[in-house]
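Worksheet: the structure to be examined is printed underneath.
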Amino acid sequence: AVAQDDGPIHDPIPDDPAPSGLGLVVQEVAQLPQSTPTPPELVVDPRLMRHNRINYVGEVPDRSGRLYVPDLNGKLYLLDKKTRAHKVYLDVGATFAPDFFSAQGLGQGFGFVTFHPEFAGNGKFYTVHVEAGAALTTKKPDLTPQPNTLYHGVINEWTASDPDANAFGGTRREILRIGFSGRIHGIQQIDFNPSARPGDADYGKLYLAVGDGGNGNVGANGGDPQNLAVPQGKILRIDPAGNDSSNGKYGIPSDNPFAGQAGKVGEIFAYGMRDPHRFTWDVSPLGAAPQSPGASPEKQQGGTNRMFLAHIGEHAIESIHHIEPGSNLGWSEREGAFRFDKADRCFLYPLPADDARHGYNYPVAAYDHDPSPDHPCTTDSGHAISGG
């Protein structure tokens, strides 16, 4: 990085990412129906006006070969890989109308869905969606909301009467509601660890990537990602089958790093995040991947089950982190492996000499935006790390 003593860094990561040598061949499989944000009269951002807003494709864990595809505007589709036929499995937007909201914010609406590893037998799956309007006065967040809450991120558990059916029929229950003051960086991915097996401590535990509400470095919310008393700017880990949470609708795993500690949200697994967009686990065979520095002997010996997070930065650093229990990515004191100054959005700064005392989790890989010299430093540039 180019810096003058402890002054601003003008090019945080001088080297561009090295090409991997791999290539992708992309083929059209299907085009799903057109959709519009809800409520349409509140749409002001042209980036929301697309044919539809597909943001993920996954495979139902029942060996049926069916793909599931959520549309941020409200519908959950099932897609047959062989015939390419698609069907609406569940209309999340209609279920929660008129409170369902996808008209503002790039990630608002029906954000994600994940299926329980035993879906084929128990029929359970989980969704996250956004509510606004009357929900703000008629429904109360379960964990500490941000001041001036304008949106609720809501987790629901659904139980299908017939897991083999191509249209949902069954029951649902709300298990968690979180309040945000901003329309970006709400609840992103929710998922189960695919490496966990029955009997493992991580089996059946649901991970939730919860952003900082877009206010993690300003105003009353500026300290939320570092504040262990609130859920924003964190990865949460819960047990949907338990009941010892404050609302009695899920469990708090006893092996969470802050479980049972006074003044701390026991659901927190890792923290210090701005926009934790996507995460995944390394399921490589034993010994196929190098271990992270400082990993415990047990993890060094195991060689698998490492959790990785794609973290979207403020405006300079996009990063990938190896996440362990209690990891602190440092936001908003740090952006990537650099010091962030809340009063200066134009530059990052070198780390202080005593930085090691903080124990921040720095990226295993990162790139910066390399804006042109005449690009206004207070506006977005470059490409966010938006997949996983």
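The values are calculated or read from the model by the stated rules, or taken from the named source; none is laboratory data. Because the structure is predicted, anything quoted here is derived from the model rather than measured. Glycine gets a Cβ as well: all are built from the backbone with ideal geometry, and neighbour counts include every protein chain shown. Side chains are part of the model used for accessible areas, which takes the heavy atoms of the whole protein and leaves out ligands, DNA and RNA. Shrake-Rupley method; radii C 1.70, N 1.55, O 1.52, S 1.80 Å.
Take the residues in segment 31-46 that are of a type outside the set (Val, Ile, Thr) and open to solvent by 40 Å² or more (accessible area, probe 1.4 Å), then tell me which one is nearest to Lys81 (Cα to Cα).
Top of the filtered list is Gln31.
Which residue pairs have Cβ atoms closer than 6 Å, lie 6 or more positions apart in sequence or on different chains, and pair a first residue in segment 344-365 that is in contact (Cβ under 8 Å) with a residue 12 or more places away in the chain with a second residue that is open to solvent by 60 Å² or more (accessible area, probe 1.4 Å) and assigned to a loop (DSSP other than H, G, I, E, B)?
So the pair list comes out as Arg345/Thr378; Pro350/Asp6.
Take the conditions of a type outside the set (Lys, Arg), open to solvent by 60 Å² or more (accessible area, probe 1.4 Å) and outside any loop (DSSP other than H, G, I, E, B) and apply them to Phe347. Does it pass? Break it down into steps so the answer makes sense when it comes.
On the way: of a type outside the set (Lys, Arg): yes; open to solvent by 60 Å² or more (accessible area, probe 1.4 Å): yes; outside any loop (DSSP other than H, G, I, E, B): yes.
Yes, satisfied.
When you go through Ser254, Ser284 one by one, which is the residue that is modelled with pLDDT under 95 and out of contact with any Gly (no Cβ under 6 Å at 6 or more places or on another chain)? Write out each step before concluding.
Details: Ser254 fails: modelled with pLDDT under 95.
Ser284 is the lone residue from the list that is modelled with pLDDT under 95 and out of contact with any Gly (no Cβ under 6 Å at 6 or more places or on another chain).
In segment 246-285, what residues are crowded, with 16+ Cβ neighbours inside 10 Å, closer than 25 Å to Arg197 by Cβ and in contact (Cβ under 8 Å) with a residue 60 or more places away in the chain?
Result: Tyr250, Asn256, Pro257, Glu267, Phe269, Ala270, Arg278, Phe279, Thr280, Trp281.
Quick grid of which residues meet (1) farther than 23 Å from Leu309 by Cα; (2) at pLDDT below 95; (3) touching a Gly at 6+ places or on another chain (Cβ under 7 Å):
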residue	(1), (2), (3)
Arg345	yes, yes, no
Pro350	yes, no, no
Tyr360	no, no, yes
Tyr367	no, no, no
Pro373	yes, yes, no
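Listed here are the residues, each with its yes/no results for (1) modelled with pLDDT of 95 or more; (2) open to solvent by 50 Å² or more (accessible area, probe 1.4 Å); (3) part of a strand (DSSP E or B); (4) over 26 Å from Ala310 (Cβ atoms).
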| position | (1), (2), (3), (4) |
| --- | --- |
| Phe112 | yes, no, yes, no |
| Phe125 | yes, no, yes, no |
| Thr137 | yes, yes, no, yes |
| His152 | yes, no, yes, no |
| Ile155 | yes, no, yes, no |
| Gly204 | yes, no, no, no |
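Look at Arg183 and say whether it is modelled with pLDDT of 95 or more and within 20 Å of Asp212 (Cβ to Cβ).
Numbers: modelled with pLDDT of 95 or more: yes; within 20 Å of Asp212 (Cβ to Cβ): yes.
So Arg183 passes the test.
List, please: which pairs have Cβ atoms under 7 Å, are six or more places apart or on different chains, and start with a residue in segment 194-210 that is free of Cβ contacts under 8 Å to residues at least 24 places away in the same chain and end with one that is open to solvent by 20 Å² or more (accessible area, probe 1.4 Å) and hydroxyl-bearing (Ser, Thr, Tyr)?
Once the first residue is free of Cβ contacts under 8 Å to residues at least 24 places away in the same chain and sits in segment 194-210, its partners that are open to solvent by 20 Å² or more (accessible area, probe 1.4 Å) and hydroxyl-bearing (Ser, Thr, Tyr) give Arg197/Tyr203.
Note down all Cβ pairs under 6 Å where the first residue falls in segment 43-68 and is closer than 18 Å to Val29 by Cα, the second is open to solvent by 40 Å² or more (accessible area, probe 1.4 Å) and aliphatic (A, V, I, L, M), and they're at least six residues apart or on different chains.
Leu67/Val57
Under 20 Å from Pro117 (Cβ atoms) and either free of Cβ contacts under 8 Å to residues at least 40 places away in the same chain or open to solvent by less than 10 Å² (accessible area, probe 1.4 Å) (or both), is that true of Gly216? Full working, then the answer.
Working: under 20 Å from Pro117 (Cβ atoms): no; either free of Cβ contacts under 8 Å to residues at least 40 places away in the same chain or open to solvent by less than 10 Å² (accessible area, probe 1.4 Å) (or both): yes.
Here the answer is no, as Gly216 does not meet what is asked.
Please work out which residue is farthest from the chain's Cα centre (by Cα), limiting yourself to segment 48-71 and to residues that are farther than 20 Å from Ala165 by Cα, of a type in the set (A, V, I, L, M) and open to solvent by 10 Å² or more (accessible area, probe 1.4 Å).
Ranking the candidates gives Met49 first.
Considering segment 359-388 alone, what residues qualify as being open to solvent by less than 70 Å² (accessible area, probe 1.4 Å) and either more than 30 Å from Gly58 (Cα to Cα) or outside any loop (DSSP other than H, G, I, E, B) (or both)?
Passing the criteria: Gly359, Tyr360, Ala365, Ala366, Tyr367, Asp368, Ser372, His375, Cys377, Thr379.
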